[in-house]
Amino acid sequence: MAAPGALEAAAGSVPGTKVELTVSCRRSLTLSSVPPRNLLDMDTFSKSDPVVILFVQGTGSSEWKEFGRTEVIDNTLNPDFVRKFVLDYYFEEKQNLRFDVYNVDSKSCSIYKQDFLGQAFVALGEVIGSQRGRLERALTTPCWPRCPISRCMGRRYTCNTGPCTASCPCAVPTVPMLGCCHRGVPGKRCGTILLLAEELSNCRDIVTMQLCANKLDKKDFFGKSDPFLVFYRSNEDGTFTICHKTEVVKNTLNPVWQPFTIPVRALCNGDYDRTVKIDVYDWDRDGSHDFIGEFATSYRELSRAQSQFTVYEVLNPRKKCKKKKYVNSGTVTLLSFSVESEFTFVDYIRGGTQLNFTVAIDFTASNGLPSQPTSLHYASPYQLSAYALALKAVGEIIQDYDSDKLFPAYGFGAKLPPDGKISHQFPLNNNVDNPSCAGIEGVLESYLQSLRTVQLYGPTNFAPVINQVAGTAAQVTDGSQYHVLLIITDGVISDMMQTKEAIVTASALPMSIIIVGVGPAEFDGERGGLGTGTGPGGRPRAGSERCPAAMEELDGDEVRVSSRGRYAERDIVQFVPFRDYVDEAGSQVRSMARLAKDVLAEIPEQLLSYMRGRGIEPRRGTAQ
């Protein structure tokens, strides 16, 4: 067991929050972009009996898995379903959802023998990022190829093995798109689906508690025990996962531990009746901590225990079996227990906080000539460049939270036409007054166009573009705007001192910086030079190819970034080496999904740290 004193990360991934999705297929005039339409009426003498099935797609996977179903509502074309879908929400993942709507017209257990009414595809982030957490989407019938096998051709909807999709074992991809095996016209709108996302309140609660113990067993030969507590939450399979560890109180059998705070989702995953197991240990310097005893409780019991002054007996099962007169190994008493709601990332997004995404791409000569296959900017007809892949992976996640989908995009380290002037913040779309591009596809298009017109040169300076975004972020600091700067580089940094100064200044502003390192540089390997030396044309000098120390220093996870005696107010930089996410099997989808997941994982906490530091609360009027 590791030395106590600090909260250890749980073995299982704890979701940032739980989101409840409410589904309706009723007529709605709230969004003019989606014409209000009833569901298709598939019954002759009555209306449809609809049910909605939710399918989820795992990170980096193309497979859809059924998550759950609503109840069936009889005889309606505008159902409001009571049964909800509760999903774990991870900001750093693009959580793709598919909603299939069926008319239940027979007693068959197979849903594929029911009438198919339509489907809609959304990302969970789109629903959360939409106005008031409400999203309307048109239902359509997918354009699946008609199955040529005789046993399926005459049927309305199915092969013997399930829905007749392109992945069906008896489907032939070369068959013309003759329509779907389901009834309905391929691509036709079949009504609308309305999704409402609400964060579950018990997932945002945080608990502050304090405990003490009395007459614990003495474990040390020359002194008393050095006790500490370890909290475990139970899992659905009966196992336990560590979720908290108190500090050690030295040389006492009657310790009083300091109050500590823990999210309810970490303590019991939002289930108030789920078992919480607490072990009591005697700390030993060599890590072989002595087990004193254990007891079990639950969140609900703890919440009642303070008023009832509940005392828990600490029991050691081994001693209990061996000693007939064994009573206990001491007692633990709950001194205080309080619950309060903590504002979450979702609160601010639903309250109107807008994420603004800015891109900066390295155009220095160290990347190699774009026309050469060895260049990091080289794109073949069949594969995007490393820069484009990183941009697409990260950008497609964050664009769900940007309502206007307009992204300022810059390049740095290139000579610009016509006079060959070196620039470290030139707009990729060549529009100084409006550097914004329409969506990630627009950024990619402008990036490729710039490669054809500018000359890769150098040096690699981060500070100008950081200061550019910081200047914009400084204009609005009330929490309504938060900026994320994505820098994609080959890792050869030239202005380390200026960059550190820019980061320290930016740490007081509503912004974060993501640095994605592309290329073969050993970003996390043996410490080498800081990469501050450049030769003619901005090319790196010998010894400057590696810059692990520079990137680790900018990341600031271990030591806070500082400049001229000033320390950054908070950690705002996340660095990820691109090569760590290249799948050996060549699965670009999986590797890009992993990249986006790891790169964006710190953004919610960085946003919250800014809001907490400024005492900014979500705008509740907008969220409602």
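Please go through the range 288-340 and give me each residue that is within 37 Å of the chain's Cα centre (by Cα) and hydroxyl-bearing (Ser, Thr, Tyr), ordered by number.
Scanning the range 288-340 gives Ser288, Thr297, Ser298, Tyr299, Ser303, Ser336, Ser338.
Go through (1) over 30 Å from Ile206 (Cα atoms); (2) touching a His at 6+ places or on another chain (Cβ under 9 Å) one by one and return the number of the condition Leu355 breaks.
Condition not satisfied by Leu355: (1).
Taking the conditions exactly as written (of a type in the set (Ser, Thr, Tyr), modelled with pLDDT of 85 or more and not in a loop (DSSP other than H, G, I, E, B)), does Tyr272 satisfy them or not?
No.
So which residues in the range 51-72 are of a type outside the set (Gly, Ala, Ser), loosely packed, with under 14 Cβ neighbours inside 10 Å and either over 12 Å from Lys84 (Cα atoms) or touching a Gly at 6+ places or on another chain (Cβ under 7 Å) (or both)?
Those that are of a type outside the set (Gly, Ala, Ser), loosely packed, with under 14 Cβ neighbours inside 10 Å and either over 12 Å from Lys84 (Cα atoms) or touching a Gly at 6+ places or on another chain (Cβ under 7 Å) (or both): Glu63, Lys65, Glu66.
Identify, please: which residue in the range 253-269 is under 30 Å from the mean Cα position of the chain (by Cα) and part of a strand (DSSP E or B) and is, among those, farthest from Leu87 (Cα to Cα)?
Phe260
Of all residues in the range 209-236, how many are among the aromatic types (Phe, Trp, Tyr), farther than 15 Å from Tyr299 by Cα and not in a loop (DSSP other than H, G, I, E, B)? Break it down into steps so the answer makes sense when it comes.
Restricting attention to the range 209-236, the residues satisfying the condition of being among the aromatic types (Phe, Trp, Tyr) are 221-222, 228, 231-232.
Narrowing the set further to residues that are farther than 15 Å from Tyr299 by Cα leaves 221-222, 228.
Among the residues that remain, those that are also not in a loop (DSSP other than H, G, I, E, B) are: 228.
Adding up the residues that qualify gives 1.
Does Ser366 satisfy being without any contact (Cβ under 8 Å) to a residue 12 or more places away in the chain, surrounded by 16 or more Cβ atoms within 10 Å (Cβ to Cβ) and assigned by TED's automatic domain parsing to the domain that holds Ser494?
Considered against the rule, which asks whether it is without any contact (Cβ under 8 Å) to a residue 12 or more places away in the chain, surrounded by 16 or more Cβ atoms within 10 Å (Cβ to Cβ) and assigned by TED's automatic domain parsing to the domain that holds Ser494, Ser366 comes out as no.
Name the single residue, out of those in the range 135-155 being in contact with a helix residue (DSSP H, G or I) (Cβ under 9 Å, 6 or more places away or on another chain) and at pLDDT below 85, that is nearest to Leu195 (Cα to Cα).
It comes out as Arg146.
Scanning for something closer than 19 Å to Gly368 by Cα and crowded, with 19+ Cβ neighbours inside 10 Å, does the range 463-476 turn up at least one residue?
no
Do the conditions hold for Gly479, that is, is it assigned to a loop (DSSP other than H, G, I, E, B), crowded, with 18+ Cβ neighbours inside 10 Å and under 28 Å from the mean Cα position of the chain (by Cα)?
Values: assigned to a loop (DSSP other than H, G, I, E, B): yes; crowded, with 18+ Cβ neighbours inside 10 Å: yes; under 28 Å from the mean Cα position of the chain (by Cα): yes.
So Gly479 fits the description; yes.
Looking at the range 65-84, which of the residues that are acidic (Asp, Glu) and in a strand (DSSP E or B) is modelled with the highest pLDDT?
Checked the range 65-84; the qualifying residue modelled with the highest pLDDT is Glu66.
Could you please find all residues in the range 437-459 being buried (at least 18 other Cβ atoms within 10 Å of the Cβ) and either more than 23 Å from Ala365 (Cβ to Cβ) or in contact with a Lys or Arg (Cβ under 6 Å, 6 or more places away or on another chain) (or both)?
Within the range 437-459, Cys437, Ile440, Tyr457 qualify.
Residues checked against (1) modelled with pLDDT under 85; (2) under 23 Å from Ser61 (Cα atoms):
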site: Val86; (1), (2): no, yes
site: Glu92; (1), (2): yes, yes
site: Tyr102; (1), (2): no, no
site: Ser106; (1), (2): yes, no
site: Ile111; (1), (2): yes, no
site: Ala123; (1), (2): no, yes
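Suppose the filter is touching a residue at least 12 places away in the same chain (Cβ under 8 Å) and either aromatic (Phe, Trp, Tyr) or in contact with a Cys (Cβ under 8 Å, 6 or more places away or on another chain) (or both); does Leu194 pass it? So that I can check it myself, show each step before the final result.
Numbers: touching a residue at least 12 places away in the same chain (Cβ under 8 Å): yes; either aromatic (Phe, Trp, Tyr) or in contact with a Cys (Cβ under 8 Å, 6 or more places away or on another chain) (or both): yes.
For Leu194, the condition - touching a residue at least 12 places away in the same chain (Cβ under 8 Å) and either aromatic (Phe, Trp, Tyr) or in contact with a Cys (Cβ under 8 Å, 6 or more places away or on another chain) (or both) - is met.
Check every one of the strands (runs of 3 or more DSSP E) wholly within the range 360-432 and list those with 3 or more residues that are aromatic (Phe, Trp, Tyr).
Values: elements: 406-412, 414-416, 421-423.
The strands (runs of 3 or more DSSP E) meeting that bar are 406-412.
Looking for something at positive phi and not aromatic (Phe, Trp, Tyr) - is there at least one such residue anywhere in the range 301-320?
Here is the first cut: in the range 301-320, the residues at positive phi are 309.
Still in the running and not aromatic (Phe, Trp, Tyr): none.
No, the range 301-320 contains no residue that is at positive phi and not aromatic (Phe, Trp, Tyr).
Look at Ala266 and say whether it is surrounded by 15 or more Cβ atoms within 10 Å (Cβ to Cβ), at pLDDT below 90, assigned by TED's automatic domain parsing to the domain that holds Ala305 and small (Gly, Ala, Ser).
Yes: the conditions hold for Ala266.
The values are calculated or read from the model by the stated rules, or taken from the named source; none is laboratory data. Keep in mind that this is a model prediction, so the values were computed, not measured. No Cβ is skipped: glycine too gets one built from the backbone with ideal geometry, and neighbour counts run over all protein chains shown.
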